[in-house]
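The values are calculated or read from the model by the stated rules, or taken from the named source; none is laboratory data. Quick caveat: nothing in here was measured; it's all calculated off a predicted structure. Because the Cβ atoms are built from the backbone with ideal geometry, glycine has one as well, and the counts that use them run over all protein chains shown.
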Amino acid sequence: MPEIIVVPNIDATARRWNPARGSLECQVTARADLETRGLTTAAWYRIAEAIPADAPFDAAFIDESQDLSVAELRFLAALGGAGAELFFAGDIGQRIFRQPFSWHTLGVDIRGRSCVLKVNYRTSEQIRRRADRLLPGVISDGDGAEEDRRGVVSVFGAPQPETFEAGTEEKEIAHVARWLSARIVDGIEPDEISVFARTDDAAERWARAFEAADIPFRRGVPGPQDDSRMATVCSMAMAKGLEFSAVAVAACDEGLLPLSERLALASSAPELRETYETERHLLYVAITRAREYPLACCVTPVSGFVAELAAQA
């Protein structure tokens, strides 16, 4: 059995629109660590070409498949072509790094072979219903296959999600500080609390909210061995796969969400439309990181996405 090696994500192109602070350092560190072990990285197509006719694996389980790149899917198609069974799990509503493309043309056809899970164990019914306002009831992939999100239910309830619109940045920070303090009073530990913002610069200012609430916090995503029991503050792009009891999505201002700089890079109307939708998905991902207590707040003028969250059903 070949050695399985897990290293940090060193493909910066996935986050080219909003590079994480320190991402280059992370790449250099990861590559240096591999070199000390006599290993290296290779392009996905090179790895695909090296797969023997008799696949070294019987099966492969691929999570977060909605954000696979073309090169990554080609590698998986080659693995499947060599005899390995492939199982994909994903959520089109959480696609935030990639534009949609046809899987069928790359040799992976899931049409008629997929299903939508209808029971949600992660977030409360109140969060799920509010977050689903950001997405259409039916979402299509690059091959036209539809994901019907209607009829999904959560297995537990919690307080209604909150939204807050402030007149100034100082008032927004003060409100978030009060909200953070209230969560501690509710009995939630600091490491079960997070604040997300659209960009790293916007996230940085929330250090003041944690300081005002006297809550220990870290900047960036905690590592798998991290036991410091501190709250987390980072960008929305880093929220994928995380889970907290309480989440504040802050600085949801017009111009920041959707991010105007990213929209300006779109070269065509279809690309602009897809970019706009992935920005919407970012807020969906961020708000659903909360199991019980989500807060979305902003400074006037408010993002249209937050207005949708706050609207009466």
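Brief remarks on what is shown
- When region 177-214 is limited to residues that are outside any helix (DSSP H, G or I), among the aliphatic types (A, V, I, L, M) and surrounded by 19 or more Cβ atoms within 10 Å (Cβ to Cβ), the one that is modelled with the lowest pLDDT turns out to be A197.
- Candidate set: region 226-236, residues that are touching a residue at least 24 places away in the same chain (Cβ under 8 Å) and in a loop (DSSP other than H, G, I, E, B); chosen: the one farthest from T288 (Cα to Cα): S228
- Among the candidates R219, R229, the residue that is within 18 Å of the chain's Cα centre (by Cα) and charged (D, E, K, R) is uniquely R219.
- Residue-level check: of (1) surrounded by 13 or more Cβ atoms within 10 Å (Cβ to Cβ); (2) charged (D, E, K, R); (3) at pLDDT 85 or above, E147 misses just (3).
- Test: L295 is closer than 23 Å to Q99 by Cβ and either in a strand (DSSP E or B) or within 14 Å of the chain's Cα centre (by Cα) (or both): no
Conditions tested, residue by residue: (1) modelled with pLDDT under 85; (2) out of contact with any Lys or Arg (no Cβ under 7 Å at 6 or more places or on another chain); (3) closer than 26 Å to F75 by Cβ.
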residue	(1), (2), (3)
D91	no, yes, yes
P100	yes, yes, yes
W103	no, yes, yes
Y121	no, yes, no
E125	no, yes, no
R128	no, yes, no
D132	no, no, no
L135	no, no, no
S140	yes, yes, yes
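- Evaluation of P136 against (1) free of Cβ contacts under 8 Å to residues at least 24 places away in the same chain; (2) not in a loop (DSSP other than H, G, I, E, B) (one fails), failing number: (2)
- Test: residue in region 267-287 that is at pLDDT 90 or above, outside any helix (DSSP H, G or I), under 22 Å from A166 (Cβ atoms) and out of contact with any Leu (no Cβ under 8 Å at 6 or more places or on another chain): no
- Any hit, region 237-256, residues being in a helix (DSSP H, G or I), surrounded by 15 or more Cβ atoms within 10 Å (Cβ to Cβ) and either modelled with pLDDT of 90 or more or over 20 Å from the mean Cα position of the chain (by Cα) (or both): no
- Test: residue in region 81-89 that is under 22 Å from the mean Cα position of the chain (by Cα), surrounded by 13 or more Cβ atoms within 10 Å (Cβ to Cβ) and at pLDDT 90 or above: yes
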